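Heads up, the thing below is written out as structure tokens.
Read the figures in this text as sums done on the coordinates, not as results from a lab. Predicted, not measured: the structure shown is a model, and the values here were computed from it. Note that we place each Cβ from the backbone using ideal geometry, even for glycine, and neighbour counts take in every protein chain shown.
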Amino acid sequence: MLDMLRNQAVGMTFDGLTEDDVLSISAAYGEPEWVRDRRLEAFKAFSDLPWPTGREEEWRYTKPQRFDLARELSTSPGDAPAVSRGIVALRAGERAALARIVDGGVVEANVSDAAAAQGIVVTDLAAAAREHADVVQAALGSAVGAETKFDALNLAAFTGGVFVYVPRDVELTEPVAITVQAAAGGAFAPRILIVLGDNARAPIYIDHAGDAQATVVEVIETVLGTGAQAHVVTAQDWGDDVDHIAAHTGLVGDNADYRHLEVSLGGKTVYLRPDVRLDNPGGNAEMLGVYFCDEGQHMEHRSLIHHNASHTSSELVYKGALQGDSRATFYGTIRIEEHAKATVSDETNRNLILTDKARADSIPVLEILNSDVVRCGHHSSVGQVDELQLFYLESRGIPRDEAARLLVFGFFAEVTDRIDLPGVTEVVLEEVEREIRTGPTALMNQRRSAQ
């Protein structure tokens, strides 16, 4: 099957995708008719939607021309060793399941005996469409459909896909671990579908790594049943030649709890949409984010918290630090519909500028369409390292550069202290420290910035 797919994939690109390409991908995976039809519906939406030009509001800060869409689409698994650092590597031997996507395919998917006995499923998405059709058919595209050009592109042409299913009333204490790796150059369209049944609980860790010259258009959708609770961690530590466009979205059921941590540390151009859809009464979302931009990096986090039902609640806290010639944008929208009564929502974004050439944009937006709101607010700032705090640490004998690192760790503490997952905080801080130590350490000239 894979040889057939390799032969048919020659010449496929994101910007030149055709209906025949979509049919070839579906046929090579032996997908049922309903998956093929869903791909074709998405391809029609993809064909009808224009490519973004950069004049659209959602592409105002990250020009779509930064992404190379002419790279050849990979539809087969690559060859790369497992990731040796990061959150997934930390939990080696302490995982309920492990799956690996390398380039355009899944190279590994296995479940521990204890998790399998509980009915946990972690498998290739193409196989799941045949073997667990009822669950996959109901969930695929329900959180991230074909409303935007890149979402439609992924749904039409996804290749490396992983399906995670936690049955009702099952509580996992050990995480499901997934890695997405870019080992070879090209274009990749991974898709991860996570489904939790009623009252299920599970931590999901997803790492992204690789330093190939690659363009990655990704979707991770998490669908929660009534009373379910998901802790989802998505971490990006790409190399300097990887461009990443992604939608990481949670669809929250009645009285369900969606907790998401986004850790963004690497990549050349990274455009992420950490969204949550509160479509059912009593749903709750906690959205946490940590990002660190280094020399030459461009990152944007564009989040939508959609209150589409009454008695829903959400809180977002994103913090970023920038050094070298880099840029980061946070654009966060809280939207409360007319029929969504008695909601509670709040968002906070803070940015710490470490060097002269670094730049951050912070745009919080509230769209409140009814007056029956319990509480809704936003907080935003862009600032520099406090010279008084630096002076205090230096007066205690701490070198200036080390003092600045300590202040960065303290800055991130508001987020990292809220991560209630074993070992994750330590790994995040270790990765941030590595970024700080490998980048330029000359702090912004305070006098110059004040002129």
Derived scalar couplings ³J(HN,Hα) [the stretch 139-156; Karplus, 6.51 cos²θ - 1.76 cosθ + 1.60; whole Hz; x for Gly, Pro]: 9, 4, x, 6, 8, 10, x, 10, 7, 10, 4, 7, 5, 5, 4, 5, 5, 6
How far is helix 424-438 tilted off the main Cα axis of the chain, in degrees rounded to 10, range 0 to 90? 60 degrees
Using every alpha carbon pair in the stretch 256-333, what percent of pairs falls into each 10 Å bin from 0 up to the bin containing the largest distance? 19, 45, 23, 11, 1
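Considering only DSSP beta bridges where both residues belong to the stretch 2-450, give the percentage that are antiparallel (nearest 5). List each step's numbers first, then the result.
Numbers: 12 of 145 bridges.
Rounded to the nearest five, the antiparallel share is 10 percent.
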With everything on Cα atoms, drop me the angle between helix 400-416 and the longest principal axis of the chain, reported from 0 to 90° to the nearest 10. 50 degrees
Relative pair counts by distance (%), Cα atoms of the stretch 1-111, 10 Å bins: 11, 30, 30, 26, 3
Check each of the trypsin sites (Lys or Arg not before Pro) in the stretch 167-224 and keep only those in coil by DSSP with at most 15 other C-beta atoms within 10 angstrom; list them in order. Arg168
Within 14 Å, Cβ to Cβ, of Glu337, how many net charges do the neighbouring residues add up to if Lys/Arg are +1 and Asp/Glu are -1? -1
Value at 222 nm in deg cm²/dmol, rounded to 500, when DSSP H runs of n ≥ 4 in the chain each add -39,500 (n - 2.57): -7000 deg cm²/dmol
Measuring from its Cα centre, the stretch 2-450 shows a charge dipole (+1 at each Lys and Arg Cβ, -1 at each Asp and Glu Cβ) which, in debye to the nearest 20, is 780 debye
Any idea which of Leu153, Leu390, Thr222 is furthest toward the positive side of the dipole for the chain, if Lys and Arg beta-carbons carry +1 and Asp and Glu beta-carbons -1? Leu390
Alpha-carbon spread of the stretch 348-446, three principal axes, descending order, Å: 54, 37, 24
Residue separation times 0.36 nm, minus the C-alpha to C-alpha distance between Ser381 and Ile368: what's the value? 2.5 nm
Positive-pole candidate from Cys376, Ile194, Gly119, dipole of the chain, charges at beta carbon: Cys376
Have a look at Val428, Gly86, His307 and report the one farthest towards the positive end of the charge dipole of the chain, computed about the Cα centre with Cβ charges (Lys/Arg +1, Asp/Glu -1). Val428
Rg/Rg_globular for the stretch 278-375, with Rg_globular taken as 2.2 N^0.38 Å and Rg from C-alpha atoms: 1.24
Taking a 18 Å limit on the Cα-Cα distance, which of the listed pairs Lys149/Lys319; Lys63/Lys149; Lys319/Lys341 fall beyond it? Lys149/Lys319; Lys319/Lys341
Rounded to the nearest 10 degrees, the helix 19-28 long axis (Cα) sits at an angle to the longest Cα principal axis of the chain of 70 degrees
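Using the Cα centre as the reference, give the magnitude of the dipole from point charges on the C-beta atoms of the stretch 1-123 (Lys, Arg: +1; Asp, Glu: -1; all else neutral), rounded to the nearest 20 debye.
Around 500 debye, computed over the stretch 1-123.
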Using only the Cα atoms of the stretch 2-450, what are the Rg and Dmax in Å? 21.4, 70
Report the Cα centroid-to-centroid distance between the stretch 367-425 and the stretch 107-182 in angstrom, as an integer. 34 Å
Just in the stretch 58-104: which GluC sites (Glu not before Pro) are loop by DSSP and have at most 14 other Cβ atoms within 10 Å? Glu94
In the stretch 255-356, which GluC sites (Glu not before Pro) are in a loop and have at most 13 other Cβ atoms within 10 Å, using DSSP for the loop call? Glu338
Each label sits 7 Å from Cα toward the beta-carbon; between Leu49 and Glu338 the label points are separated, in nm, by 2.6 nm
